[in-house]
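Structure record follows, encoded as structure tokens.
None of the figures in this text is laboratory data; all of them are computed from the coordinates on show. Keep in mind that what you see is a predicted model, and the values were worked out from it rather than measured. Heads up, the Cβs are rebuilt from the backbone with ideal geometry, glycines too, and the neighbour counts pull from every protein chain shown.
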Amino acid sequence: MGGKKQKCFGKDVFERMNFLYQAGTLMAGNNKALSCYYGQLCKSIGKKAVLRIEPNLHRTMCKRCGNILKPSKSAELSISDENPKMCVITCNVCGKCRRFPINPNYNLWFDNPQSVVEEIRYDGESDENQKN
Amino acid sequence: MSTQTDNQSFGQDVREAVTSLIRENVDPNQRSKLEINLHHRTQLLNTKAKKLKKKKVSKKKTLTRKEKADMGLFHLPTKSLKYVDMLPLHELWKGYMSNHLSLTNESIPPTVGDPSYDSFSKILVKSDFHGAIVTVTRSRCPSLVGVSGIVAMDTKNTFKVLGKDNKLRTIPKMDSVFKILLKNLEFTIFGKHLTIRPAERSVKKIKNFMEPDL
């Protein structure tokens, strides 16, 4: 919280991943090869630089082919009848489906206020909550 | 001993021969009622049918290279891509690039003599070029000079560039010099400095720049 001028670690890599994610979202549904390529590249850059993608964004990328999942455009969203109810997202390119339980009381650990240890501000812009 | 005939494996001429043979040997009054089903399997007594193996549905988390190739993820369509569809990507790239190079409206990037020139050019080389409008100014291959378009794909040794005539061209980086326009600025980049895998580019350490000869 101090006024120290610190350099954000991996800022350029985060910027690049963010750009690639947005590029993938643009291409999703229009061009499957490009969408998968940008998504896959975004993932592999994160792997190489050992930086994590925000979990909510991570859930919108296909685990298998890297396609950005946009419901009704590049993916299909459905709710299964089992208990607890599941939200099923099926990728239109590779057919991989992921299931998330629907629980209104559940929050990701990332969104939990307990998870924040320290807040660092870089020159007025807060980069802490962009991607961590 | 088991003898099993599977008619599906025979050729067309064999099938015709069998049908004509059966037709000839049947009583002529009954021929109209005849139905020949060659897909039927005949089997001798005291034999066991071979069990057809079911293919297991794989629940793999990763795709193999062959599966990716079958889905067509490696090959971009060379003719169905449209230049107009890529323009939003270029707009996105402009915003990313001016943010990445921390350029404001009036700031001027350092020239060759400046002390910050080296670090600036390192940042420039490490940035992403998907969506940039690129023009080839010099190249070892004279027919490539003057080719321009939006970069759609970036591999270790090539740029895949979509021109205004909606054609996708592959340009080798090694022997070319690229001109990149950003707002009112013009950057000249030697392709030799860009020959790094795009996934490794932002991490890899770059040694001192040497002017390559063409």
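Could you tell me whether the range A:25-80 comes out rounded, prolate or oblate from its Cα gyration tensor? Rule is a ≥ b ≥ c as square roots of the eigenvalues, rounded for a/c under 1.5, then prolate if a/b exceeds b/c, otherwise oblate. Verdict is oblate for the range A:25-80.
The charge dipole of the range B:79-201, taken about its Cα centre with unit charges on the Cβ of Lys, Arg, Asp and Glu (plus for the first two, minus for the last two), comes to roughly 560 debye. Using C-alpha pairs below 8 Å separated by at least 6 residues, the relative contact order for the range B:79-214 is 22 percent.
With contacts taken as Cα pairs under 8 Å at a separation of at least 6 residues, chain A carries a relative contact order of 22 percent. Translational diffusion coefficient of the range B:131-214 (Stokes-Einstein, Kirkwood radius from Cα pairs, 37 °C, 0.692 mPa s): 247 µm²/s.
Quick one: B:139, B:116, fewest Cβ neighbours within 10 Å first, how do they rank?
Details: B:139 20, B:116 9.
Taking fewest neighbouring Cβ atoms as first place, the list is B:116, B:139.
Using only the alpha carbons of the range A:11-115, what is the convex hull's orientation-averaged projected area in square nanometres?
If you wrap the Cα atoms of the range A:11-115 in a convex hull and average its projections, you get 7.6 nm².
Evaluated on the range B:79-201, the Kirkwood hydrodynamic radius is 15.0 Å, with distances taken between all distinct Cα atoms.
Checking every one of the trypsin sites (Lys or Arg not before Pro) in the range B:61-127 against DSSP loop status and a limit of 12 other Cβ atoms within 10 Å picks out B:61, B:79, B:82. By the beta-carbon count within 10 Å of each Cβ, the least crowded to most crowded order of B:20, A:35, fewest first, is B:20, A:35. Counting beta carbons within 10 Å around each of B:130, A:58, B:75, B:90 and listing the fewest first gives the order B:75, A:58, B:90, B:130.
Using every alpha carbon pair in the range B:70-124, what percent of pairs falls into each 10 Å bin from 0 up to the bin containing the largest distance? Values per bin, smallest distances first: 18, 31, 23, 21, 7, 0. Relative to the longest principal axis of the Cα atoms of chain A, the long axis of helix A:32-49 lies at roughly 40 degrees.
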